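Contents: one structure, followed by commentary.
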Amino acid sequence: MDVLQQLTSEEMELLRSSVRIIAENATEVGCSTYEMIFEQSPYVKELFHFTKSDDEAYRQKKTVQLAQKYMQVLIAFAEGIEDPSMLEPVSTKLVEIHRRIDDVQMAAHWGVFTECTLCNIRKVLEKDEHFNDMDRLDAAIMLWRTVMRGIVRRLKVGTFSTSYYLC
């Protein structure tokens, strides 16, 4: 998370203002992200057992729950930049969940998640008057990309160190 700790006060304020908007629209961003991921990467969809159900209401309910959890983690990371020690429990849980995915799937999985998430964050932010300025919007998206990279880095380090001990 070292890059995140080097953000300027202006960048931190921009990230905070975008976090408020994203938090208000978390379910929308999360569900749109998962829909996009499932469309673009069917192999990722297969990682989630509920997507195989014939019950549309059940699939929708589980997608919403998953999307909300995902956005809670993303927002927690964005809010925890100033005190990364707060992120250890979240990081540990993410590593436990994602440890079951092999390295090749993991690399592709997070690339798709990052790009789809950023696309949906952009869609929500550009609707807000505080992000009418394209430079401000682009700067906010770059900050969210930095947050996503921080999460992926923690997952990679945690997965590799955990799998090392499991051998």
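The values are calculated or read from the model by the stated rules, or taken from the named source; none is laboratory data. What you see is a predicted model; the values in this text were computed from it and never measured. FYI the Cβ positions are ideal-geometry reconstructions off the backbone, even for glycines, and counts take in every protein chain you see.
Numerical summary
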| read-out | value |
| --- | --- |
| Of residues in region 34-56 being polar (S, T, N, Q) and in a helix (DSSP H, G or I), the one farthest from V112 (Cα to Cα) | T51 |
| Region 8-24, subset surrounded by fewer than 17 Cβ atoms within 10 Å (Cβ to Cβ) and not basic (K, R), residue nearest to H130 (Cα to Cα) | S17 |
| One residue from I101, I81 being at pLDDT below 80, outside any helix (DSSP H, G or I) and under 22 Å from E35 (Cα atoms) | I101 |
| Filter result (among the hydrophobic types (A, V, I, L, M, F, W, C) and under 21 Å from T8 (Cα atoms)) within region 126-155 | F131, M134, L137, A139, A140, I141, M142, L143, W144, V147, M148, I151 |
